[in-house]
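Quick note: the coordinates plus some simple rules give every number you see, no bench work behind them. These numbers were taken from a predicted model, which means no experiment stands behind them. In this analysis, Cβ positions are derived from the backbone assuming ideal geometry, glycine residues included, and neighbour counts consider all displayed protein chains.
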Amino acid sequence: MDDKIKKVSIIISKGGLEGVYPGLIMANGARMEGIEANLFFTFFGMDAITKKRMGKIKVATVGNPGMHMPSLLGILPGFSAMATSMMKKTMDKLDIPPVPEFIEMIADAGGKLYACKATVDMFKLKKEDFCEQVDSIINVGKFYEIAAGGEIIFT
Amino acid sequence: MAQKQYGPATVEVDAEGYLSDFSQWTREIAAAIAKDEGIAELTPAHWKVVEYIQKDFKENGQVPSIRKLNKSGVISTKELYELFPGGPAKKAAKISGMKKPEGCV
């Protein structure tokens, strides 16, 4: 029993649905197992907690070999929107919520959300630009402090 | 198949103590499983969750997810985590006499 994971700190650094969801699912899954979970959003991963963007995150159809189709198709207007809508429908059936609802669910489950200071400065964002579930804007040093004694996962 | 004593009864269980046969479930057994899971007493709020899970399973053949419990207005996610600390979906399912939930969310 002693080698059970007690705490995870997950870094979400990539944008797009395929960049954001894995970290959210792992954080929520950790809480479901009674594991303490921290989420640290950085670079384009920050879209997931930015009020203006969190509801509009799409799946990348260009330069994404996982789409199993030529990238040339992916540049067609509306293609990304269509692929996103298909993916969202499938996920909804599996009870995987849309990003804003997922963020709320993780926060309600006791997960802690943080925004990366360097990215905030770079994109000239303010605390008000983030959804209410974001605990605070922290630097890398503080992140390591919060993550101390647990596992760190980078996505 | 393994057997386990829950309160007044000995029942068929899987390797993790989930009931193998729901027809053996009783409220006394539920209370005993809850104690095993660190929940000293099942309050009316707990029972509301248990009853919904059983009803939903009967209708859909699936243990409802945390999201469904929240959306159906049975219990908010926050309260669910408070009522079943350290693993709400699994603990609520176990107490309700269900199999271990297999979904990731």
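Relative contact order for segment B:2-95: what percent, with Cα pairs under 8 Å and sequence separation of 6 or more?
It rounds to 23 percent for segment B:2-95.
Please list, in order along segment A:116-132, the HN-Hα scalar couplings obtained from phi with the Karplus expression 6.51 cos²θ - 1.76 cosθ + 1.60 (θ = phi - 60°), rounded to whole Hz, x for Gly and Pro.
7, 4, 4, 5, 4, 5, 5, 8, 6, 9, 10, 3, 5, 6, 9, 5, 5
For A:Leu39, what residues show an amide H to amide H distance below 5 Å, using hydrogens built from the backbone and excluding near sequence neighbours?
Result for A:Leu39 returns A:Ile10, A:Lys112, A:Leu113, A:Tyr114.
Mind ordering A:96-102, A:119-125, A:58-64 by average Cβ neighbours within 10 Å, highest first?
On the way: A:96-102: 18.9, A:119-125: 13.6, A:58-64: 16.6.
Result, highest mean first: A:96-102, A:58-64, A:119-125.
If you stretched the chain out fully between A:Glu104 and A:Glu36, how much longer would it get, using 0.36 nm times the residue separation minus the C-alpha to C-alpha distance?
Length gained between A:Glu104 and A:Glu36: 22.9 nm.
Could you state the number of Å between the C-alpha centres of segment B:1-60 and segment A:48-109?
One Cα centre to the other: 38 Å.
Could you give the length gained on full extension between B:Glu16 and B:Asp36, defined as 0.36 nm per residue of separation minus the Cα-Cα distance, in nm?
The B:Glu16-B:Asp36 span can extend by a further 6.0 nm.
Which length gain, in nm to one decimal place, applies between A:Lys52 and A:Ser136 when the Cα-Cα distance is subtracted from 0.36 nm times their residue separation?
28.5 nm
Please get the size of the charge dipole for the protein assembly as shown, origin at its Cα centre, with Cβ charges of +1 on Lys and Arg and -1 on Asp and Glu, quoted in debye to the nearest 20.
The calculated dipole for the protein assembly as shown is roughly 800 debye.
If you plug each phi of segment A:97-103 into the Karplus form 6.51 cos²θ - 1.76 cosθ + 1.60 with θ = phi - 60°, what whole-Hz ³J(HN,Hα) values come out, in order, with x for Gly and Pro?
Along segment A:97-103, the couplings run x, x, 3, x, 5, 5, 4 Hz.
Could I have the simple spin-label model distance between A:Ser71 and A:Met87, label points 7 Å from Cα toward Cβ, reported in nm to one decimal?
Roughly 1.7 nm, to one decimal.
Classify segment B:21-81: rounded, prolate or oblate, from the alpha-carbon gyration tensor (a ≥ b ≥ c, eigenvalue square roots; a/c under 1.5 rounded; otherwise prolate if a/b is larger than b/c)?
oblate
Give the residue from A:Gly74, A:Phe130, A:Thr84 lying farthest towards the positive end of the charge dipole for chain A; charges sit on Cβ (+1 for Lys and Arg, -1 for Asp and Glu) and the dipole is referred to the Cα centre.
The residue sitting most towards the positive pole is A:Gly74.
Computed FRET efficiency, Cβ-Cβ of A:Phe123 and A:Val62, R0 22 Å: what is it to the nearest 0.05?
0.50
With each pseudo-label sitting 7 Å past Cα toward Cβ, what's the A:Glu145-B:Ala2 distance in nm, one decimal?
Modelled inter-label distance: 4.4 nm.
Compute, for segment B:2-95, the length of the dipole vector about the Cα centre, with Cβ point charges of +1 (Lys, Arg) and -1 (Asp, Glu) only. Units Debye, rounded to 20.
My answer is approximately 360 debye.
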